[in-house]
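Beneath this line is the structure, given in structure tokens, with notes to follow.
Only the coordinates and a few stated rules stand behind these numbers; no lab work does. The model shown is predicted, which means the values in this text are computed figures rather than measured ones. All Cβ positions, glycine included, derive from the backbone under ideal geometry; neighbour counts span all protein chains shown.
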Ligand SMILES: NC(=O)C1=CN([C@@H]2O[C@H](COP(=O)(O)OP(=O)(O)OC[C@H]3O[C@@H](n4cnc5c(N)ncnc54)[C@H](OP(=O)(O)O)[C@@H]3O)[C@@H](O)[C@H]2O)C=CC1
Ligand SMILES: Cc1cn([C@H]2C[C@H](O)[C@@H](COP(=O)(O)OP(=O)(O)O[C@H]3O[C@@H](C)C(=O)[C@@H](O)[C@H]3O)O2)c(=O)[nH]c1=O
Ligand SMILES: [Mg+2]
């Protein structure tokens, strides 16, 4: 699939590179998302058949004190990309987050549910979504959650480091969501892209997360179990782990629309975790 991908070093971008060696990946040096017009120019000039945005400002706490940058990268740039793609009739795939929701209740969120971001990251990601939806064209937004991979920074790699350093860890147990392997996100994007290029795509906002839903503490326990590490994990509440940005308590995503419209099912994240641990073992 001849794709133009924004992002080169990120988790999803690196997994996309494994699936799409023929695609073109634009790093920060080729397209800086703080310059939305430059992103639009790259799309205007491309000979690719489809555009994927896998870049974002993902430092959730740092965004609280760096809102202007986060707003350009997560808000203005995806909007400009979507307009440029629509102007050329190119399908556009964009990735978003569970953090657009306020985390209330316990029911899995549907794509059309009321949003209510609790912090700057979620707010700016929502602005990006709104810009993509307003641009029209064959655009799909894939909201996902709790992404992990062998690449970059993520909760799995943090836990492996802390689990080797410490005998005991305190992990929040009142935030519930679906950990999602970046490799499965990349595969979902490729499958959606192919269906769009075949004329079978449906524009809209979709959810995609690994199953089952768990707390961060339970996620940590499974990481340690599979990795053969034995730190004691204590459940704590969000109020006992203060952070600059507030995070949603309920991040459960209802992913059934993606299965209905694109035939893509929720991946079992324990399997993706095993693959990630194998890759990390053989590369470290
Ligand atoms: N990580 C997660 O847990 C989750 C992520 N998502 C979403 O999934 C998508 C992919 O995330 P993920 O792969 O984890 O992201 P990463 O944090 O792994 O990577 C982010 C990427 O964006 C790039 N980037 C950041 N700022 C700029 C900029 N100004 N110009 C150009 N590139 C920039 C980074 O480049 P560089 O290396 O140069 O900084 C990096 O390649 C994003 O849309 C994110 O919001 C959704 C839910 C959960
Ligand atoms: C390291 C650590 C974290 N935690 C908590 C903090 C937080 O609530 C949770 C996860 O920590 P993180 O810093 O990985 O969380 P965070 O960076 O907020 O992860 C989010 O990233 C963005 C990009 C998304 O889009 C979200 O889907 C989500 O994946 O674990 C502990 O309770 N104890 C610990 O020792
Ligand atoms: Mg983080």
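What the table shows:
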read-out: Rounded FRET efficiency, nearest 0.05, which uses the C-beta distance separating residue 271 from residue 87 and R0 of 51 Å; value: 0.80
read-out: Extended-chain gain in nm, criterion 0.36 nm per residue less alpha-carbon gap, residue 107 and residue 191; value: 27.5 nm
read-out: Tilt relative to the chain, helix 77-87 - C-alpha long axis, 0 to 90 degrees, to 10; value: 30 degrees
read-out: Simple label model, 7 Å out from Cα along Cβ direction - residue 254 to residue 158, nm; value: 3.0 nm
read-out: Counting DSSP beta bridges with both ends in segment 144-284, the antiparallel % (nearest 5); value: 20 percent
read-out: Degrees between helix 269-283 axis and first principal axis of the chain (Cα, 0 to 90, nearest 10); value: 90 degrees
read-out: Alpha-carbon spread of segment 188-284, three principal axes, descending order, Å; value: 51, 37, 22
read-out: Spherically averaged projected area in nm², based on the convex hull that wraps the Cα atoms of the chain; value: 13.9 nm²
read-out: Part-to-part distance (alpha-carbon centres) for segment 183-237 and segment 9-41, which is given in Å; value: 21 Å
read-out: Average silhouette area of segment 65-117, convex hull of alpha-carbon atoms, in square nanometres; value: 4.9 nm²
read-out: Segment 97-232: radius of gyration and largest Cα-Cα distance (Dmax), Å; value: 17.1, 54
read-out: Segments 170-183, 240-253 sorted - mean Cβ within 10 Å per residue, highest first; value: 170-183, 240-253
read-out: Simple label model, 7 Å out from Cα along Cβ direction - residue 226 to residue 2, nm; value: 3.7 nm
read-out: Using alpha-carbon coordinates, inclination of helix 155-165 to the longest axis of the chain, degrees; value: 30 degrees
read-out: Beta bridge orientation in the chain: antiparallel %, DSSP, nearest 5; value: 5 percent
read-out: Separation of the residue 64 and residue 246 label points, Cα + 7 Å toward Cβ, nm; value: 1.1 nm
read-out: Ranked by how many other beta carbons lie within 10 Å on average, peptides 198-205, 90-97, 36-43 from highest; value: 90-97, 36-43, 198-205
read-out: Cα-only radius of gyration and Dmax that characterise segment 6-161, units Å; value: 15.3, 46
read-out: Gain on full stretching of the segment that runs from residue 237 to residue 47 - 0.36 nm per residue minus C-alpha separation; value: 63.4 nm
